[in-house]
Amino acid sequence: MDHTRVATQPAGGMNSEELVEQHLPLVGHIVRETAARVPAHVDKEDLRSAGLVALVTASRAFDPERGIPFARYASTRIRGAIVDELRSADWASRAVRRRGRDIETVRSTLAASRRRAPDDAEVAAELGISVAEVRRSAEDLARASVLSLDIDADQTFAEVLPTTEPTPDVQLEKRERLEYLDEAICELPDRLRLVIRGYFIDERPMAELADELGVTESRISQMRAEALVLLKDALNHALDPDLVAQPARPDGCAARRRDTYFRAVAERHAANQARPRVRRAVLDGIA
């Protein structure tokens, strides 16, 4: 793909091409951050290409009226694209995997013959390689295992990679998701809101909620699932519209009710942003 050719629709006072040019360093920063945490054989140019494509896509989809800074919006898209690129790659090259299998075979053989776990020096001596190579192989395979986990599609790359503390953009994104989640729960229909608050926040048993609402426990489970779908779609509608599932009947009553719900969440968020207030963090476990 030619990354220099981008659309020119308006976005936040700048067109798409200007947004891309201004935020090119953001791609480089995220790629460098990623490169420090993945095996050395991972092609950094592939990660950069994926990040550039995501930046272009973000510049075209960006809606400044949502009140989200473009850098934050683009960071999420870039990290997601890099996750997809890493998922599609073979986490460890054939040579790395073959070396890892050889080391484990020797380790198992030595353990069986000596009736104890051999140390790295003994394994290295048996294979005729250095201790550093044994340890480097273990590190490469360990990183590959971490990065090849089947993570949830809503997670960001920064949440997957090991790090000592959240980066500022991750903290901002998490706080914003919590804000939208709080507002989305407040806008749920009364019975669905009672189920979500009762089950996840107050930790009430389903049987108790069923008695209060006069329904079966099975119905409470259905209501919980229905509410979670609404909440997920509301967050995606606000923060990443491309992930919103499209209804089977866009003109149907259910679709109209959902759109009304999305608007109510957006209006509540806009009203809350217009006046300072302390945000609740009790929903952290659901976000």
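The values are calculated or read from the model by the stated rules, or taken from the named source; none is laboratory data. Only a predicted model underlies this, so the values are computations on that prediction, with no experimental measurement involved. Methodologically, a virtual Cβ is constructed for each residue, glycine included, from the backbone with ideal geometry; neighbour enumeration extends over all protein chains shown.
Condition check ((1) of a type in the set (Asp, Glu); (2) part of a loop (DSSP other than H, G, I, E, B); (3) within 21 Å of GLY198 (Cβ to Cβ)) across all residues:
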residue	(1), (2), (3)
ASP211	yes, no, yes
ARG224	no, no, yes
LYS232	no, no, yes
ASP251	yes, yes, no
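Pairing each residue of the range 174-188 that is under 16 Å from ILE68 (Cβ atoms) and assigned by TED's automatic domain parsing to the domain that holds GLY198 with any residue that is of a type in the set (Ser, Thr, Tyr) and in a helix (DSSP H, G or I), provided the two are 6+ apart or on different chains, yields C-beta distances under 9 Å for ALA184/TYR261. Is at least one residue of the range 229-239 outside the structural domain of THR57 (by TED's automatic domain parsing), surrounded by 15 or more Cβ atoms within 10 Å (Cβ to Cβ), closer than 23 Å to ARG72 by Cα and in contact with a His (Cβ under 6 Å, 6 or more places away or on another chain)? Taking every residue of the range 229-239 in turn, none turns out to be outside the structural domain of THR57 (by TED's automatic domain parsing), surrounded by 15 or more Cβ atoms within 10 Å (Cβ to Cβ), closer than 23 Å to ARG72 by Cα and in contact with a His (Cβ under 6 Å, 6 or more places away or on another chain). Counting only helices (runs of 4 or more DSSP H) wholly contained in the range 13-68, no element carries 2 or more residues that are in the same structural domain as HIS269 (by TED's automatic domain parsing) and farther than 28 Å from HIS269 by Cα. One residue alone among ALA210, ALA158 is surrounded by 15 or more Cβ atoms within 10 Å (Cβ to Cβ), modelled with pLDDT of 90 or more and touching a helix residue (DSSP H, G or I) at 6+ places or on another chain (Cβ under 9 Å), and that residue is ALA210.
Are any of the residues in the range 77-85 β-branched (Val, Ile, Thr), part of a loop (DSSP other than H, G, I, E, B) and modelled with pLDDT under 85? No; the residues of the range 77-85 include none that is β-branched (Val, Ile, Thr), part of a loop (DSSP other than H, G, I, E, B) and modelled with pLDDT under 85. Sub-6 Å Cβ pairs linking a first residue in the range 28-55 that is among the basic types (Lys, Arg) to a second residue that is outside any loop (DSSP other than H, G, I, E, B) and at pLDDT 85 or above, at least 6 apart or interchain, are ARG48/VAL31, ordered by first then second residue.
The set of residues from the range 187-214 being more than 27 Å from the chain's Cα centre (by Cα), among the acidic types (Asp, Glu) and more than 23 Å from PHE262 (Cβ to Cβ) comprises GLU208, ASP211, GLU212.
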